[in-house]
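Notes follow once the structure below has been shown.
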Amino acid sequence: MANSANAGNSARSETFDVVVVGGGPAGSTLAALVARQGHRVLVLEKEFFPRYQIGESLLPSTVHGVCRLTGVADDLAAAGFTRKRGGTFRWGATPEPWTFSFSVSERMAGPTSYAYQVERSKFDEILLRHAGRSGAVVREGCAVADVIEDAERVRGVRYTDADGARREAYGTYVVDASGNKSRLFQRVGGERKYSEFFRSLALFGYFEGGKRLPEPNSGNILSVAFDSGWFWYIPLSPTLTSVGAVVRRDMADKIQGDRERALTALIAECPLISEYLSGATRVTDGQYGQLRVRKDYSYHQTTFARPGMLLVGDAACFVDPVFSSGVHLATYSGLLAARSINSALAGLVDDTVAVREFEARYRREYSVFYEFLLSFYEMHHSEQSYFWQAKKVTHHDRTEMEAFVDLVGGVSSGEAALSEADAMVERLRADSAEFAGAVDQLAHSEDGSMLPLFKSSVVSQVTREGSQVQMRALLGADAEPEAPLVPGGLVSSPTACSGSPPAAADPDAGKDPRMPETPEIPAHYRRDRFDPVPELVAMARETPLVETDVTIGPSRQLGWVATGHAEVRAVLSDTERFSTRPPADSEEDAQNLVQAGNLLQYDPPDHTRLRKLLTAEYTVRRMRRLEPRVEEVVEDCLDTMERIGRPADLVRYFAWPIPGLVSCELLGVPRDDQTELARYLDITRDVGRTQEQQLAAGKAYWAYMGQLAERRRRNPGEDMIGNLVREQGSAISDAELAGIGATVMAAGFEQVASIIGLGTLLLLEHPDQLALWRDNPELTDRAVEEMVRYLTVIHTASPRTALEDVTIGGQQIKAGESVACSLLAANRVPAAGEPEDRFDITREPTPHMAFGHGIHHCLGAPLARMELRIAFPALLRRFPGLRLAVPPEKVRFRPARSRQYALESLPVEW
């Protein structure tokens, strides 16, 4: 669907932080990484996805590095793509095929020692849809005509949308990710230089029923050299195979004319490929039904950027595909561009420094693959083959080497260039000889160790940066510190999504990653793992009401914090003398600040009216009607975890989907919109964001709910919003419907997800309680109540404002002053002399306020309890051996700055 994010918008001009032209892997990667930082991103894609594309073999650094950083790695794992453990080659002096494995040896294979063979129509769509869910505005069927520029920089683009309307989009940055066929790259300046060395043609098609390599390498790409060139043979599924022949451009006569006959003849020249296709039939219909030719495989633009514009992916460069580098260079360049753009937009570095860093790193990565491939071709010997003789570096014109030296930063002309080029040739010859020797060792070794290959210069260089990206994706702040690539260069942040000078790279270095303590954040918003921080315990025991900061975020406010159980209950239940409306200078201002339908900001009698309408939606009868669906959702989530395999992120696949799907069904929200709404909520609650980012996310969230209310007004469904429309008609406004939807989604989604994630970790760290619950399911009601109380995931209730002078806990609170009620302290801090609180699922349920108290007690508490009573026993039944997949200290809690306590992720095994 085109323009869905701006349907009905008559404006022909819009402004974003970043405009991305092209929705392939490079553009989608960049869009996701920038949008996830809260920036406004527009992606303009000429075609409608899914669409056909070549370049089907991935590298581990893409799957486990870049894609994990963007958050799409688990979606790829769930897609069922063929696993690729490495590459198998009939290449070089060794007559038999040899295998390059992504693991050093079979005995040392790890969880990231594989990549995927992908159908690009599916892979690219997964990445593009993920960019949309990450917050980017994605528009398909939009053809960009040109950039908008002035004397200083590129300012935006002109494009035609899917309806044929001419539009303009402005941005601080324009990124050309439109591939090798667009001409937009010319607007960055410089020229496109084609490699004579890699100037090749490929003829390719698809076959059903081809043979597979023996296990465990059946998913490997097979690359086979023959006299006229080389073949790729990529298993995309158990039966579908991508097959292509690569020849030099001046051998074009071999593929001209009848393409069917030409490919058949080339296959006949290569006995191994002929054998593997002996029982296969070529696909002749659908997206794989035609034989295709691609030319000009290798090139680079002499400049990758200008003020306001960057080139990524094939728009900037491409190198010969023999080592599956295409998608790697595309996604890696998207990561680099996102890192630089995020850094500049955040004001961490100057724009010029950020762009220089992007270009230096991108050129370096292209160059190491280029060198590797030169050495790779150099090692194959066939004296009678024109193709292979032409692939000898020592036989090649010096201009090729001069261009390469210029690419990686050498001088561009004169004797010095020739000297650099001569030295380059000699180094490549030496590297190729070393690489060939390593291949020979591998072919004749008994244990299949990859160590000789990994130690060779070209392989260590070509895998270095990808390995660093993987480690940063897996370990974050725990990864080894990064060194600048060039003097004065930048190092990446722990998330690898921004960069800064080394001295300022990691301001949190040395802090506990489980729960960063930030002095600026009041004690009632912080935790010591599951427990209240010592400062809050001390406050609670000293006095039940203390004057301190009551809020976090952009606007700090001095007020009172209630910590005692009796005092918290007193404030929350007193609607005569305390208001939940936001503080304001006047009654009119206060009314304007209240979000329509948000019960948490309503006082009686408005609150009474709306709550009465909603109470009917949470009756025992309706909850029982939902119960079979909740059970089905829970089992589906457990099935997904089993299908993904170990380790699995329990937060992503279990804790979030269950309440998310249930809340979406309750409100009639399409499942595909769940992730987008969750992201908006996360930004609004993350006080580390700027006020502008929080406001933008809040507006987007409420705008979505407004659209949902309008749709239900026109066509009421069998959901909560539809029921309210049918039963109340015009007595309830669209704004109130939207507010109710927003409040119900936020409360039902986040709180239950947090309890499931934290509760699972709590059980794993209390194995006696886990075993007791698993073996005694009749304890479920008590266990759930104890877990809800013990965790109290909402730190603090919404602040109340005193309407008159009032005395609570012996302290006088003046009219207009705010009181924050620490639910955690009230539920967890024992009075002086009482035993320390502990987690005990056999405890007789005691009154607690984890779901609030008084008229604002959570309406959805019965639904939340039902979800928890179903989810935990099912989890313990399915995975009785459930355990952490990482050391406990590596489990990442949501930063202390968040208003709700939760886990970022929970890797588990069973």
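Counting only Cα atoms, I'd like the Rg/Rh figure for region 201-295, Kirkwood definition for Rh.
On the way: Rg = 12.6 Å, Rh = 13.4 Å.
Across region 201-295, the Cα-based Rg/Rh ratio is 0.95.
Could you report the accessible area of THR15 in Å², rounded to 10, computed with a 1.4 Å probe on the protein chains as they sit in the structure?
Number for this one is 90 Å².
Work out from phi, with θ = phi - 60° and the Karplus expression 6.51 cos²θ - 1.76 cosθ + 1.60, the ³J(HN,Hα) of each residue of region 128-141, listed in order in whole Hz, and give x for Gly and Pro.
5, 5, 5, 4, x, 5, 7, x, 6, 7, 10, 10, 9, x
Take the eigenvalues of the Cα gyration tensor for region 338-379, scale each by 5, and report the square roots as semi-axes in whole Å, largest first. Show your work: numbers first, answer last.
Working: eigenvalues 207, 11, 4 Å².
So the three semi-axes of region 338-379 are 32, 7, 4 Å.
So, in nm, how far is label ARG166 from label SER905 when the simple model puts each one 7 Å beyond its Cα toward the Cβ?
4.7
Say the cut-off is 21 Å between C-alpha atoms; which of LYS122/LYS254; LYS193/LYS295; LYS181/LYS295 go over it? Intermediate results must be reported in sequence, preceding the final value.
On the way: LYS122/LYS254 32 Å; LYS193/LYS295 14 Å; LYS181/LYS295 11 Å.
Beyond 21 Å between Cα atoms: LYS122/LYS254.
Which far-off residues, 5 or more places away or on another chain, put their amide H under 5 Å from the one on LEU906, with H placed in the peptide plane?
Placed amide hydrogens put LEU650, VAL651, ARG652 under 5 Å from LEU906.
What is the extension gain from GLU576 to GLU778, computed as 0.36 nm multiplied by their sequence separation minus the C-alpha to C-alpha distance, in nm to one decimal? It would help to have the intermediate numbers written out before the result.
Working: separation 202, 0.36 × 202 = 72.72 nm, distance 4.19 nm.
Gain in length upon complete extension: 68.5 nm.
In Å, the Kirkwood hydrodynamic radius of region 247-322 over pairs of distinct alpha carbons?
Hydrodynamic radius (Kirkwood, Cα only) of region 247-322 equals 15.7 Å.
GLU208 versus SER733, label points 7 Å from Cα toward the beta carbon: distance in nm?
It works out to 6.0 nm between the two label points.
So, with a 1.4 angstrom probe, what is the percent of accessible area on region 528-909 that is carbon and sulfur? Intermediate values should be presented prior to the final figure.
Details: 7890 of 16170 Å².
Its accessible area is 49 percent carbon and sulfur atoms.
Tally up the carbon and sulfur contribution to the accessible surface of region 206-294 as a whole percent, 1.4 Å probe, everything protein left in place.
Values: 1890 of 3770 Å².
Using a 1.4 Å probe with all protein chains present, region 206-294 comes out at 50 percent carbon and sulfur.
Which whole-number value in Å² is the accessible area per residue of region 797-910, probe 1.4 Å?
On the way: 4620 Å² over 114 residues.
Roughly 41 Å² per residue, with all protein chains present.
From Cα coordinates alone, what are the radius of gyration and Dmax values for region 713-843 in angstrom?
So, for region 713-843, Rg and Dmax equal 20.8, 61 Å respectively.
Can you compute the label reach from ASP768? Point 7 Å from Cα along the Cβ direction, backbone N cut-off under 20 Å, restricted to region 521-537.
Those under the cut-off are 530-531.
Just the Kirkwood number for region 528-909, please: inverse of mean 1/r across all distinct Cα pairs, in Å, one decimal. Mind dumping the intermediate values first?
Working: mean 1/r = 0.0460 Å⁻¹.
When all Cα pairs of region 528-909 are included, the Kirkwood radius is 21.7 Å.
Return the long-range amide H neighbours of PHE839 (sequence gap of 5 or more, or a different chain), with a cut-off of under 5 Å between placed amide H atoms.
none
Rank these by accessible area, largest first, 1.4 Å probe: HIS524, HIS856. Mind dumping the intermediate values first?
On the way: HIS524 5, HIS856 25 Å².
The ranking, largest first, comes out as HIS856, HIS524.
Obtain the nm distance between the two label points defined at THR608 and GLN186 by a simple spin-label model: each point lies 7 Å from its Cα along the Cα-to-C-beta direction.
With each label point 7 Å from Cα toward Cβ, the separation is 7.4 nm.
THR99: accessible area at probe 1.4 Å, nearest 10 Å²?
Roughly 40 Å² of THR99 is accessible to a 1.4 Å probe.
What is the set of long-range amide H partners of VAL491 at a cut-off below 5 Å, with H atoms built 1.01 Å from backbone N?
Hits under the 5 Å cutoff: SER500.
Quick one: Cα centre-to-centre distance for region 262-295 and region 33-106, in angstrom?
The distance from the Cα centre of region 262-295 to that of region 33-106 comes to 24 Å.
Round to the nearest 10 and report in Å² the accessible area of ILE148, as given by a 1.4 Å probe over the protein chains' heavy atoms.
Approximately 10 Å² of ILE148 is accessible to the 1.4 Å probe.
The values are calculated or read from the model by the stated rules, or taken from the named source; none is laboratory data. This is a predicted model, so every value here is computed, not measured. Counting neighbours? That spans all protein chains shown, and the Cβs are built from the backbone with ideal geometry, glycine included. These accessible areas exclude ligands, DNA and RNA; they are computed on the full protein's heavy atoms, side chains included. Shrake-Rupley method; radii C 1.70, N 1.55, O 1.52, S 1.80 Å.
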